[in-house]
Structure formats: C-alpha cells, structure tokens
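Novice: Below is the structure I would like to discuss, written out as structure tokens.
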Amino acid sequence: MKLSSLDHPFNKKASWLYLVALLFYATNHMLIIALPFFSEQLGASQSDIGMIMGAYMFVSMFLRPVAGAIVDKLGSRNLFMITLVLNAIVLALYSIETLWAFAVMRALQGAILAFFSMTIHLLIIDLVSDKARGQGISMLSLASMLPYTFVPALVLYMKDHISMTQVLLLFTAIGACNILFGTGLFRSLRYDAKRQVVTNIKPSEATSIRTANRAIIFPAVIMLLASVVFCVAPTFLPLYLESIGLHTAPLYFLTETAVLILIRFYGRKYIPNSSVLPTWLIIPLIACFMLAPMLLFVSLSTPVLLVSALCNGIALSLLYPTLMTYITFVVPEQSRGYSIGWFIAAADLGTSCGAYLMGWLADEYSYKAMLATAACIGGAALLFTAAFKRKGRGRYVSANS
C-alpha cells in the first residue's frame, strides 16, 4: 500500500517548518551568547545583564498558556506569519544599540517565542499523520536544539572579527530570510490545513475537555522535575570541574550533544503515537536523568563522566517529544494549544527555578550536595511515575475520539 506523504516526517511542508524553526531558534541562541558581551560594551553591570537576559524566559514562561489559548481561538496558521514578522522587526530594533532597547526587545522576544512555539507545535500535528506525529515532534524539537551545537563558537568568532552593528544587522537579515521561508509554507497551508478554529463548544464537549485536560498534570510534573535536573550540567558542571582542577567539561558536552542528536533523529520512530501513557519508555528515561547526577556524585573520573553524559543525552533526546506526543493525543483539539502551553511553561519553570535552587545548594553546602539533590529529584519522579501507573491512570480517552 502506498504511504501518504503525511506519513513521512520529512514531507515537503514539514521540512520547511523544521527549517523555519531552526532559523528562528538560531537567532535566539545567538543573542543568548552575544547580548551579554554587547551589553558589557555599553557599560552594563552583571546585574543589568542578568535582568536583560532573564526578561526573555520570564515573559515567555508566563505567556505560554495565554498564547496557547489565543492560538486555539485564532488558529495556528493565522498567527504563524505574524510571529515571524514581529520577530524580524524586533531583531532589527536591536540595532538601536542601547541597554534599554536590549531589555525591551528581549522581553518582546520572550512574548514572540511563547506564540511561535505554540504555532509550530500545532502546525506539525497538521503536517504529518497521526502515525508519524511522534517523529514530527521529535524532529521539530531537534531543529530547535541544533543551533546549540554551532552557535556559541560562531558568535564568539564573530564578536572578535566584526563590529556589534554588523552582528546585529546579520541577525536582522536572518529574520528577514525566515519571513521568506515562512511565506512559502504559509501559502501551502491556505487550503489544506486540517486544524479549524473552534468558536462554539457544546456543554458535553466542555466536560470532556475538562476531564481530558487533567491528563497534562502528570507529564507537566515530570517535565518540571526533569528540567530541574537537566539544568545542573550546563549551568554548574563546568564550574564544579574547574574548581577541582579538571578540564573535562567539553568532553562531557560533546558526548551529550552527540547522543542527543543521534537518538532524537534515529529514535524518533520508537515514540508511541497513542493516548496510552508509555510508562515502559518514560520510566527508563527518568532512570537515566536520575543516574546522570548520581554518577557524578560518586566519581568525576573520565569513564564515569562519559556514562553520565550518555544517560543525560538519552533522557534529553526522548523525554520531551514522548510526553509532548502523548499530550497531543489525549487533549482535545479545542484546547490543545492551551494544554501544550502549560506543559512547556512547566519545563521553563523547572529550568529557571532549578538553576536558582541548585545554585543555592552549591553555595550553602557543596557541589556534591547539589548533585545528590538532583539525583533525589529524579528518584522522586520515578516513584511518582510508578504510583501513577499502579493506580491505572495511564490511559485517557481523547475528547476528539
């Protein structure tokens, strides 16, 4: 039997969406590296830089559920191009080159991110079939993370060889190019987008929506706990290793990144596409992000460091797309954006609060105490999952059924 193009996660429209996502997140990752340097050149203190950079995630985190609800009402296609145009305008306004402009533009980018992430997650659901949904979500998340592999080195090279104005103009050009790529995809969605804007919901459907939306509680809690643990390595591991005279952090991150990319690409086919919670996959992934800090607590030898990076890379590669795919099947289409918004907001909250919590533990006690706490959080997530499975709450019937 001939497969539909929608059954392939690399069909033409889905591939265009991956490209748009890659360019969007590339400029955002570039700014994460470049803005602190540029702000310092303009006379910013460390606290000023912290405020400028923190505005991005702070605004995005609180707006995600609101953005999801608005996308549910207006439709993902209708907001897709708006976010790309606004992003290009904001990138152009960075060229004002003042600290207040940097702070305002960073906050605005956080708001744009909240809407953009909602639209692309809902669009990929439309652009691939149900049987390929997990693969599509996995590839979309991979496209958003790929810039992490090359952006830091690229920005550090550029800041030493071209001026601040030239770098900011390059960002503007990338934003403009993304509008062009997005326009091609936008036109192709004009007549065949499956998702419809829902304006009226029957009382019986509203009850089903409330029941199904409870399904996001478990994945949101797991993602929040996982994000707390995931933030330990990039934020504090280099500092810990440097403090004891070790210089193996690049080896750790190189291994973790290679594992993440390979498994997210080749493992995408094994992500379940159903309304049954795949605890058989989630439990091993939780065990991996629990073992990662536990191993570092025991030893910082190179072999143990590599195994820890392997465990963290496996968990990072599959946990998010697996939970996200599950949510898209159990949550009604009428409130899908709103539910996805809460899920991503939980991940953002875990990352931001986790960095503060782990930093406090490292300051007040030690890095080893921080790693032990991270392992305990992973253990708590494991126990929570086991209890959830034992109560037989792993299956929800979607209101779409």
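Every read-out reported here was derived from the displayed coordinates using simple, explicitly stated rules and does not represent laboratory data. Note that this is a predicted model, so its numbers are computed, not measured. Ideal geometry is used to build each Cβ from the backbone, glycine not excepted, and the neighbour counts take in all protein chains shown.
Novice: Can you show me the helix-derived [θ] at 222 nm for the chain, built from DSSP H runs with n ≥ 4 at -39,500 (n - 2.57) apiece and divided by the number of residues, rounded to the nearest 500.
Specialist: One gets -27500 deg cm²/dmol as the mean residue ellipticity at 222 nm.
Novice: Label points 7 Å out from Cα along the Cβ direction at Val276 and Ala101: separation in nm?
Specialist: A separation of 5.7 nm, rounded to one decimal place.
Novice: Hey, got the Cα dimensions of the stretch 7-188 along the principal axes, in Å, largest first?
Specialist: 52, 33, 25
Novice: What is the chain's relative contact order, in percent, from Cα pairs under 8 angstrom and six or more apart in sequence? Provide the component values of the computation, followed by the final result.
Specialist: Values: 560 pairs, mean separation 100.1, N = 401.
25 percent.
Novice: Output needed: Cys residues of the chain lacking any neighbouring Cys C-beta below 4.7 Å, sorted by number.
Specialist: That list is Cys177, Cys231, Cys353, Cys376.
Novice: Let me ask something else about it. If packing is taken as the average count of other Cβ atoms within 10 Å, what order do 351-362, 56-67 fall into, highest mean first?
Specialist: Sorting 351-362, 56-67 by mean packing, highest first, produces 56-67, 351-362.
Novice: What order do you get for 242-254, 96-108 when each peptide is scored by the mean count of other beta carbon atoms within 10 Å, highest first?
Specialist: 96-108, 242-254
Novice: FRET efficiency for Thr302 and Ser188, Cβ-Cβ distance as r, R0 = 45 Å, nearest 0.05? Mind showing how you got there, number by number?
Specialist: Numbers: r = 49 Å, r/R0 = 1.10.
My answer for the efficiency is 0.35.
Novice: Could you give the Stokes-Einstein D for the stretch 203-390 in µm² per second, using the C-alpha Kirkwood radius, 10 °C, 1.306 mPa s?
Specialist: 92
Novice: Mind putting together the pair-distance distribution for the chain? All Cα pairs, 10 Å bins, whole percent per bin, short to long.
Specialist: Going out from 0 Å in 10 Å bins, the chain shows 5, 22, 32, 27, 12, 2, 0 percent.
Novice: Suppose R0 equals 30 Å; then what is the FRET efficiency for Ile33 and Ile179 from their Cβ-Cβ distance, rounded to the nearest 0.05?
Specialist: Between Ile33 and Ile179 the formula returns 0.80.
Novice: Can you divide the C-alpha Rg of the stretch 24-113 by 2.2 N^0.38 Å and report the result to two decimal places?
Specialist: In units of the 2.2 N^0.38 Å rule of thumb, it is 1.14.
Novice: Using all C-alpha to C-alpha distances in the stretch 9-56, build P(r) with 5 Å bins and read off the rounded percent in each one.
Specialist: 5, 20, 20, 14, 11, 9, 9, 7, 5, 1
Novice: Could you list, in their original order, any pairs among Lys269/Lys391; Lys73/Lys269; Lys131/Lys391; Lys12/Lys269 whose Cα atoms are separated by more than 26 Å?
Specialist: Flagged as over cut-off: Lys269/Lys391; Lys73/Lys269; Lys131/Lys391.
Novice: Give me the number: length gained by fully extending Asp7 to Arg214, i.e. 0.36 nm times residue separation minus the C-alpha to C-alpha distance, one decimal in nm.
Specialist: On the way: separation 207, 0.36 × 207 = 74.52 nm, distance 2.92 nm.
Taking 0.36 nm per residue and subtracting the Cα distance, the gain is 71.6 nm.
Novice: Quick one, could you list the DSSP H helices from the chain stretching 30 Å or more along their long axis (Cα atoms) with average Kyte-Doolittle hydropathy of -1.0 or above?
Specialist: 12-41, 46-74, 99-127, 164-188, 302-330, 336-364, 367-390
Novice: Whole percent per 10 Å bin, from 0 to the bin with the longest distance: what is P(r) over all C-alpha pairs of the stretch 229-340?
Specialist: The calculated distribution, bin by bin, is 14, 40, 26, 15, 5, 0.
Novice: Within 10 Å of each residue's Cβ, count the other Cβ atoms and sort Asp363, Asp72, Asp130 from fewest upward.
Specialist: Arranged by neighbour count, lowest to highest, Asp363, Asp72, Asp130 become Asp363, Asp130, Asp72.
Novice: Give me the orientation-averaged projected area of the Cα convex hull of the stretch 54-160, in nm², one decimal.
Specialist: 7.9
Novice: What's the FRET efficiency of Glu40 with Thr248 using the Cβ-Cβ distance as r and R₀ = 45 Å, to the nearest 0.05?
Specialist: 0.95
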